[in-house]
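Take a look at the structure set out below.
Just so you know, all these numbers are worked out from the coordinates, no wet-lab data involved. All values derive from a computational prediction rather than experimental measurement. We place every Cβ from the backbone using ideal geometry, glycine too, and count neighbours over all the protein chains shown.
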Amino acid sequence: MPKKRFYCTNCGRVIEVPFGAPKPHQCPYCGAHHTMIHRLDRGGFGRGWRGGRNINLQKTT
């Protein structure tokens, strides 16, 4: 199962939580506040805006 990865700037450890779970409120290793924890792998596996389709946005007359 894929997991979200967070980095604790206080102790330098990586925290993994399952997708769907919220950001940890504190580091489980050093107890640092959640403001010291940052997401490592932003974004998902999407195909971008409009599902990756190439569309013409110019108005035709």
May I ask for the net charge around His38, where only other residues with Cβ less than 15 Å from the Cβ of His38 are counted and Lys, Arg are +1 while Asp, Glu are -1? +4
Val17-Arg42 pseudo-label distance in nm [points 7 Å out on the Cα-to-Cβ vector]: 1.8 nm
Per its Cα gyration tensor (rounded if a/c is under 1.5, else prolate when a/b beats b/c, else oblate), region 3-43 is best filed as prolate
What is the gain in length, in nm to one decimal, between Asn10 and Cys30 on full extension, counting 0.36 nm per residue of separation less the C-alpha to C-alpha distance? 6.4 nm
